[in-house]
Amino acid sequence: MRSLAELHFVAGGHLLSQADRLQKETAYQPSRPYLEHQVRARVTALPNVRVLERCEATGLTASGTPSRVTGARIVRLTDGGSGEELLADLVIDATGRGSRTMRWLSGLGYPEPAEERVPVDVKYVTRQLRLAPGALGARRIFLIGAIPERPTALAMFPQEGDRHLLTLGGYRGHHPSPEPARFLEFVRTIAPPRVFAAIRDAEALNDPVTNRYASSLRRRYDRLRRFPAGLVVIGDAICSFNPLYGQGMTITALEATALRDCLPTGEADLARRFFRATAGLIELAWRMGYGNDIAVTASDGPPPPRPIRITNALADRLLAATTVDAVVAERFLELSGFLAPPTALLRPAMLTRVLAANVRLARRGHRLQPPAEESPLPC
Ligand SMILES: Cc1cc2nc3c(=O)[nH]c(=O)nc-3n(C[C@H](O)[C@H](O)[C@H](O)COP(=O)(O)OP(=O)(O)OC[C@H]3O[C@@H](n4cnc5c(N)ncnc54)[C@H](O)[C@@H]3O)c2cc1C
């Protein structure tokens, strides 16, 4: 995607400007298998990389007092489960949300990190489609986010092989169903009419696939006072975000670059430097998702704390401005893709644009968050 004109993005109930302006960055939407295939091909092509297939890490090896991690215990799943030890200068736990490092740390006499959870109870149903040529007009990407009045979401992207990936999501009480008629009915409640028709008339390439996500989860390794040398933790093993916001892979990639930047200084204090370097980034992504989750599910629980209400009100003014100002819309996209820091939105020129846009909208009697069924703008 090179232009806002190719995008139909409704964030917080506001449809982003669809001005035909070339953007600084091109956005690609490969399928997950294709992306992972490319990453894997590049990593395995490195001369000093060796991949051990079908192995399970079952523990850490350590020595000394205080103990230092010296490697990992692994079990080869292919040859009847024989175990062995792999020695390493640095062990990086990238085993995702189910990481067992907490337990292993406690076995070595180190404290476990505190865990923070935000219950969201989100369900995803995803299906691959082949759409009729031209069915969507000029738009290529559709992102319709959840709002308190409609805690459901839709994402549809073109992918390689002339396919579209359609994902429906919903919070507790508003879960999508994989059953075809109810799946389509769910689409009708959220998609603009033209998109609904394109999906209804599309060829389905697979059965719907369901995924349930109970809570966002963050492990506070950055707050630990004691942590062994020779070990770091990365990616979902530190923080697993609500997948509705599509943040996880981006944050993991940024963590990997932070680790790259920490390594040249040597191994002294490496884990603490790395956890510190990534804590701000994770905090930002966590707050972006958390604030929205709280706003969307507010009717289910106590009112959000005041700082979240204030942040959400400011975010709403920003999102309102994206509907009429393409420059603000682009900055918002850069921020949500972590290509620019939030401070980029606080520059005087940007604040002036946001203010001016809101004044224009108020003069027009702008109404926030129109019901999805109205779909006021052509797609
Ligand atoms: C439904 C859903 C949709 C998502 N959509 C998006 C999106 O659109 N955009 C986005 O950026 N992110 C998305 N995410 C989040 C994204 O998938 C994760 O943030 C990302 O995969 C984290 O990468 P990771 O390497 O830390 O962990 P993972 O991708 O979970 O990889 C961990 C790997 O470690 C292996 N493993 C686990 N335990 C062991 C062990 N003991 N020994 C050996 N191997 C082990 C696992 O098999 C796995 O291969 C989504 C997540 C979900 C659930």
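Site-free segments of the chain were taken between trypsin sites (Lys or Arg not before Pro) in DSSP loops having at most 11 other Cβ atoms within 10 Å, sites themselves excluded; the longest one is 55-224.
Positive contributions from Lys and Arg (+1) and negative ones from Asp and Glu (-1), summed over other residues with Cβ under 12 Å from the Cβ of ASP162, come out at 0. Residue exposure proxy: HIS8, HIS366, HIS175, ordered by other Cβ atoms within 10 angstrom of their Cβ from fewest to most, comes out as HIS366, HIS175, HIS8. Remark: relative contact order (the chain) = 20 percent; criterion is Cα-Cα distance under 8 angstrom and separation of 6 or more residues. When you filter the GluC sites (Glu not before Pro) in segment 160-220 for DSSP loop state and at most 10 other Cβ atoms inside 10 Å of their Cβ, nothing is left. Calculate for the chain the 222 nm mean residue ellipticity that helices alone would give, adding -39,500 (n - 2.57) per DSSP H run of length 4 or more and normalising by residue count, nearest 500 deg cm²/dmol. The helix-only estimate for the chain comes to -10500 deg cm²/dmol at 222 nm. Using a Förster radius of 51 Å, what is the FRET efficiency between LEU184 and THR65 based on their Cβ-Cβ separation? Nearest 0.05, please. Calculated value: 0.20. More than 22 angstrom separation, counting every C-alpha pair in segment 117-214; what % is that? Considering segment 117-214, 24 percent of its Cα-Cα pairs are separated by more than 22 Å.
Computed about the Cα centre, the dipole magnitude for the chain is approximately 840 debye when only Lys and Arg (+1) and Asp and Glu (-1) carry charge, each at its Cβ. Spin-label model, ARG50/GLU112: points 7 Å from Cα along the beta carbon direction are separated by 3.5 nm. Between the Cα long axis of helix 180-190 and the first principal axis of the chain there is an angle of about 70°, rounded to the nearest 10.
Among beta bridges identified by DSSP and lying wholly in the chain, the antiparallel ones come to about 90 percent. Result for the chain in a Gaussian network model with C-alpha springs under 10 Å: among ALA45, ALA298, ALA146, the largest mean-square fluctuation is at ALA45. By the count of other C-beta atoms within 10 Å, a proxy for reagent exposure, ILE92, ILE234 are ordered fewest to most as ILE92, ILE234.
For GLU85 and SER31, the FRET efficiency from 1/(1 + (r/R0)^6), where r spans their Cβ atoms and R0 equals 41 Å, is about 0.65. Relative contact order, whole percent, for segment 300-363 stands at 32, derived from Cα pairs under 8 Å and 6 or more residues apart.
Springs between Cα atoms under 10 Å define the GNM used for the chain, and in it the highest mean-square fluctuation of ALA202, ALA321, ALA295 occurs at ALA202. Compared with the dominant Cα axis of the chain, that is its longest principal axis, helix 306-322 is turned about 50°. A crude spin-label estimate for the pair ASP162 and ARG276, with each label 7 Å from Cα along the Cβ direction, gives 5.6 nm. Dipole check for segment 300-363: with +1 at the C-beta of Lys and Arg, -1 at the C-beta of Asp and Glu, and the Cα centre as origin, the magnitude is about 280 Debye.
The order of ILE238, ILE190, going from fewest to most other C-beta atoms within 10 Å of their C-beta, is ILE190, ILE238.
Over all other residues within a Cβ to Cβ distance under 12 Å of LEU254, the charged ones net out to -1, with Lys and Arg as +1 and Asp and Glu as -1. Classify segment 300-363 as rounded, prolate or oblate, taking a ≥ b ≥ c as the square roots of the eigenvalues of its Cα gyration tensor: rounded when a/c is under 1.5, otherwise prolate if a/b is larger than b/c and oblate if not. Because a/c hits 1.5 or more and a/b fails to exceed b/c, segment 300-363 counts as oblate.
Taken together, the values in this text are just the output of simple stated rules run on the coordinates, not laboratory data. What you see is a predicted model, and the numbers here were worked out from it, not measured in a lab. Note that each Cβ is placed from the backbone with ideal geometry, even for glycine, and that neighbours are counted across all protein chains shown.
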